[in-house]
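The values are calculated or read from the model by the stated rules, or taken from the named source; none is laboratory data. Predicted model, so just to flag it, every value in this text is computed and none were measured. Every residue, glycine among them, receives a Cβ derived from its backbone with ideal geometry; neighbour counts consider all protein chains shown. Please note that ligands, DNA and RNA were not included when accessible areas were found on the heavy atoms of the full protein model with its side chains. Shrake-Rupley method; radii C 1.70, N 1.55, O 1.52, S 1.80 Å.
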Amino acid sequence: VSVSLFLFFFFFKDNHQVTLETMSGDGTDASKRRRPNILITGTPGVGKTATASLLAERTGMKHIHIGELIQQHKCYEGRDEDLDSFILDEDKLLDLMETMLGEANLEDGVGVVCDYHACELFPERWFDLILVLRTKTDVLFDRLSKRGYSDKKRDENMECEIMQVILEEAREAYDHEIVHEVPSNTTEDIDSNIARVEAWTKQWIADKGVDDDEN
Ligand code: DAT
């Protein structure tokens, strides 16, 4: 691994480091959830938003597109020109999300599906399943080119996908049992990933012994 790649990793990961205090009695207490929360993560372009929005449409889960939430609420502290991306205000984002998750889980009785290109910044207790989408290099190249990314940004993201940075991040941050790596190359993959999540959700509800009437 070249030095420049190492530096890229370091920056990428360091950018998302956060120390979280353990909060108790809040609306994100996992034992109080009657429906599971899911995080869909992966490199930009792998299909997180496409999958999460369809999953929400089919199941009635609440979808939080975290990238949009960051823009809407200005959860950033400036811009990193080198990386061509915003510097995240993690505290502001996490506070906001905690309120939204609490409301969805406890007041509306629904599970939440979040999508974001990083995962280690979120408290473990928020999510019951982490879905890491994976896309083949040539397919991702086309998607990122279509998105109008600069060559540099596209290549960095491709490298990130090839080196499975987000998958490793997920495995480090969460219990291995809840981290699932799934392909996202075709629309059939999206359908089968959603079917898999639906089956998993049914099992989660059955295991928890909470009633199944609402979903
Ligand atoms: P992400 O949210 O991971 O950045 P996206 O959901 O915005 O990605 O998808 C990027 C583009 O690729 C979008 O035009 C939809 C398409 N796409 C994503 N996943 C796909 C898949 N599994 N099959 C076909 N097209 C897909």
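Quick grid of which residues meet (1) under 21 Å from Gly111 (Cβ atoms); (2) over 20 Å from the mean Cα position of the chain (by Cα); (3) of a type in the set (D, E, K, R):
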{"site": "Arg147", "(1), (2), (3)": "no, no, yes"}
{"site": "Arg154", "(1), (2), (3)": "no, no, yes"}
{"site": "Met163", "(1), (2), (3)": "no, no, no"}
{"site": "Glu177", "(1), (2), (3)": "yes, no, yes"}
{"site": "Pro183", "(1), (2), (3)": "no, no, no"}
{"site": "Asn193", "(1), (2), (3)": "yes, no, no"}
{"site": "Ile205", "(1), (2), (3)": "yes, yes, no"}
{"site": "Lys208", "(1), (2), (3)": "yes, yes, yes"}
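Residues checked against (1) of a type in the set (Asp, Glu); (2) open to solvent by 40 Å² or more (accessible area, probe 1.4 Å); (3) closer than 29 Å to Val210 by Cβ:
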position: Arg143; (1), (2), (3): no, yes, no
position: Arg147; (1), (2), (3): no, yes, no
position: Ser150; (1), (2), (3): no, yes, no
position: Arg154; (1), (2), (3): no, no, no
position: Glu159; (1), (2), (3): yes, yes, no
position: Val165; (1), (2), (3): no, no, no
position: Arg171; (1), (2), (3): no, yes, yes
position: Glu188; (1), (2), (3): yes, yes, no
Handout entry: Residue list for segment 59-85, restricted to those being open to solvent by less than 80 Å² (accessible area, probe 1.4 Å) and either in a strand (DSSP E or B) or of a type in the set (Asp, Glu) (or both)
Key = Lys62, His63, Ile64, His65, Tyr76, Gly78, Asp80, Asp84, Ser85
Practice task
Answer with yes or no whether Leu167 is within 15 Å of Thr41 (Cβ to Cβ) and out of contact with any helix residue (DSSP H, G or I) (no Cβ under 9 Å at 6 or more places or on another chain).
Solution key: yes
Handout entry: Unique residue being under 17 Å from the mean Cα position of the chain (by Cα) and closer than 19 Å to Glu181 by Cα when the list is Glu98, Glu120
Key = Glu120
